[in-house]
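Below is one structure; the comments refer to it alone.
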Amino acid sequence: MPVSSSINYGHVAAGYDKSRCIEPAIASALAEGLRSLDARRVLEVGAGTGNYTGVLTASGISVIALDRSPAMVEIGAQKTCARWILSDASALPLRTRSMEAIAGVNVLHHLPDLPAALSEFRRVARVGVVLQAVVRENLATLWYRHYFPEIDKVLLPLHPTLGSLITAMFHAGFKRVAAAKIFYSGQGDLTFEAARSRPHLLFESGFRASTSGFRRLGSADIARGLAELERDLESGAFARIAATFDKAHADAADCVVITAR
């Protein structure tokens, strides 16, 4: 069976907020980064259904929210007081230096041409950007890789290393780049990495369907991995296997928030 290249967000938009909400650690890092840029007028790229849009507007920031899915934009516009734009993040329909900053959560791995997108961000943002991303080092610390080795071929190439992401930002014209490591609270937001501490989530088809990570894996590969995971959970072997990833995870964290100017 062919591996799906990505989620069709028009199909999942209606149920998206059942699994996705605000991760406090990410919200805090976004707010801190935007404060450091003294940004009060912000473009949020890949805004989805507006969960983080609401956080930004509640803090007094004027937000233009952008997403390429009409269904997501429709929901987000009903939830927030931001101005919404239907467009792709790789070709921003805004004037040069028209925004103080650009923010984004879990969007970079969806961009087919990351260098071009970063150049667009630099063009539109007068001061800088604050972008949350899962980089390759974060994915590499997932015990999922033991059960779903296809992740290495299907997912790792979509996620740059932290070093290559920072280098790409310099090439795009940013002069100063800082990265903060983020550990998820494990409460509420059921992003792809949420099952790191809650392995039984992987057996829920709704959880898998809501993540672009599992939508990119083949059904036969998922079935085989789940069968092995089930056996290891029942036998107690899972704890030992997961522990082999713990040190790397402590060093790499779950994701990063990049602030650049």
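The values are calculated or read from the model by the stated rules, or taken from the named source; none is laboratory data. Note that the structure is predicted; figures quoted are calculated from it, not measured. Don't worry about glycine lacking a Cβ; one is built from the backbone with ideal geometry, like all the others, and counts go over all protein chains shown. Surface accessibility is based on the protein's heavy atoms, side chains included, excluding ligands, DNA and RNA. Shrake-Rupley method; radii C 1.70, N 1.55, O 1.52, S 1.80 Å.
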Over region 123-138, the set of residues open to solvent by 30 Å² or more (accessible area, probe 1.4 Å) and farther than 23 Å from A248 by Cβ is R123, R126, V127
Scan of region 188-204 for residues that are open to solvent by 20 Å² or more (accessible area, probe 1.4 Å), assigned to a loop (DSSP other than H, G, I, E, B) and in contact (Cβ under 8 Å) with a residue 40 or more places away in the chain, ordered by number
G188, D189, L190
Can you tell me how many residues in region 145-162 are in contact (Cβ under 8 Å) with a residue 60 or more places away in the chain and either touching a Lys or Arg at 6+ places or on another chain (Cβ under 6 Å) or open to solvent by less than 20 Å² (accessible area, probe 1.4 Å) (or both)?
5
Taking L165, is it open to solvent by less than 40 Å² (accessible area, probe 1.4 Å) and assigned to a loop (DSSP other than H, G, I, E, B)?
no
Name the pairs: first residue in region 111-140 and closer than 17 Å to I151 by Cβ, second residue open to solvent by 10 Å² or more (accessible area, probe 1.4 Å) and basic (K, R), Cβ to Cβ under 7 Å, at least 6 apart or on different chains?
none
Go through region 55-71 and give me each residue that's open to solvent by less than 50 Å² (accessible area, probe 1.4 Å) and in contact with a strand residue (DSSP E or B) (Cβ under 9 Å, 6 or more places away or on another chain).
L56, T57, I61, V63, I64, A65, L66, D67, S69
Restricting attention to region 213-258, the residues that are more than 30 Å from R122 (Cβ to Cβ) and not in a helix (DSSP H, G or I) number exactly 5
Residues to consider are A77, A39, A89; find the one that is touching a residue at least 12 places away in the same chain (Cβ under 8 Å), more than 16 Å from the chain's Cα centre (by Cα), in a loop (DSSP other than H, G, I, E, B) and buried (at least 16 other Cβ atoms within 10 Å of the Cβ).
A39
